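There's a structure below that I have some questions on.
What follows is calculated from the coordinates using simple rules that are stated; it is not laboratory data. If you're wondering where the values come from, they're calculated on a predicted model, not measured in any experiment. Here the Cβ is made from the backbone with ideal geometry for all residues, glycine too, and neighbour counts use every protein chain on show.
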Amino acid sequence: MENISRFILNRSAAHVKRYHTTPMFAQESVAEHSHFVAMITRIICHALEQTGQRVDTLRAVDLALIHDYEEAISGDIISTFKHSDSELTELLSRLTDKTIDRVFDTLPSDLAGYYIDLWRSHNSGSIEGQIVSVADKLAGLAFTHEQIRMGNRFMEPIHRRFVWLISTIPYDWWERVRNRVAAGLVDGMADTDETGPSMWKAPS
């Protein structure tokens, strides 16, 4: 049932903390993370457009803003645990798919439908979804880098994983903007012994 005022007053995403099993100097909320993902997404879209690549920038930025919004209900689930078993990953995917309807149920029905369809299309193979996935990892790299600069060595394994993920981005379009967007961020830093699920959606 539409109740826009209720949606505006709901700040749940500002209170869901990421990396909640790791000691921190300062916690990062889902809302804070989503801001940086959206900003990085916009930068990547701009860089791609200048290479002649067609991108739906509004759709990409909108997706970046809501890509983790289900966590307003589910809370943040540690990604290495979430992707540690295919059956668990599938189960969580089904549960969060049911949850997302509740997240936007107080918005006008057409706008709610737009956000729900957008969220569900994140891993459909669209370039916009791929851009948000890359921006998500870059935002994670930036946060863990900041923590390490402040002396938080607990973040070093997480930072190494982000370095590895960014070093293995499989999308053809990334090669056209990588040096401009991410020059020096992970060059020569990837641990060739790093293992675990990559979390990258195979290009279609």
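Placing +1 at every Lys and Arg Cβ and -1 at every Asp and Glu Cβ, with all other atoms neutral, what dipole size does the stretch 4-182 have around its Cα centre, in debye to the nearest 20?
Working: 20 positive and 23 negative charges, 109 e Å.
Here the stretch 4-182 has a charge dipole of around 520 debye.
Any chance you could run the full-extension gain for Leu95 through Ile4? It's 0.36 nm times the residue separation minus the Cα-Cα distance, nm to one decimal.
Contour length minus Cα-Cα distance gives 30.3 nm.
Over the stretch 4-182, what is the relative contact order in whole percent, taking alpha-carbon pairs under 8 Å and six or more residues apart?
Working: 186 pairs, mean separation 49.6, N = 179.
Relative contact order comes out at 28 percent.
Among rounded, prolate and oblate, which fits the stretch 46-120 when a ≥ b ≥ c are the square roots of the eigenvalues of its C-alpha gyration tensor, a/c under 1.5 means rounded, and a/b larger than b/c means prolate? Walk me through the numbers on the way to the answer.
On the way: a/c = 2.65, a/b = 1.33, b/c = 1.99.
In terms of gyration-tensor shape, oblate.
For the chain, what's the radius of gyration and Dmax over Cα atoms, in angstrom?
According to the Cα coordinates of the chain, Rg and Dmax are 17.1, 52 Å.
Next question. Most exposed first by the Cβ proxy, i.e. fewest other Cβ within 10 Å, how do Ile8, Ile166 rank?
Details: Ile8 9, Ile166 20.
Taking fewest neighbouring Cβ atoms as first place, the list is Ile8, Ile166.
Moving to a separate point now. Can you put Lys137, Lys17 in order, fewest other beta carbons within 10 Å first? Mind dumping the intermediate values first?
Working: Lys137 22, Lys17 16.
By the 10 Å Cβ count, ascending, the order reads Lys17, Lys137.
I would also like to ask the following. Multiply the residue separation of Arg11 and Asn123 by 0.36 nm, subtract the distance between their alpha-carbon atoms, and state the gained length in nm to one decimal. Working shown, then result.
Working: separation 112, 0.36 × 112 = 40.32 nm, distance 2.57 nm.
So the extension gain works out to 37.7 nm.
Next question. Rank the residues Ser12, Ser5, Ser79 as a footprinting-exposure proxy: fewest other Cβ atoms within 10 Å of their Cβ go first.
Going from least to most buried by this count: Ser5, Ser12, Ser79.
Would you be so kind as to identify which of His67, Met24, Ile131 lies farthest towards the positive end of the dipole of the stretch 4-182, taking Lys and Arg as +1 and Asp and Glu as -1 on Cβ and the Cα centre as origin?
Sorting the options by dipole projection puts first Met24.
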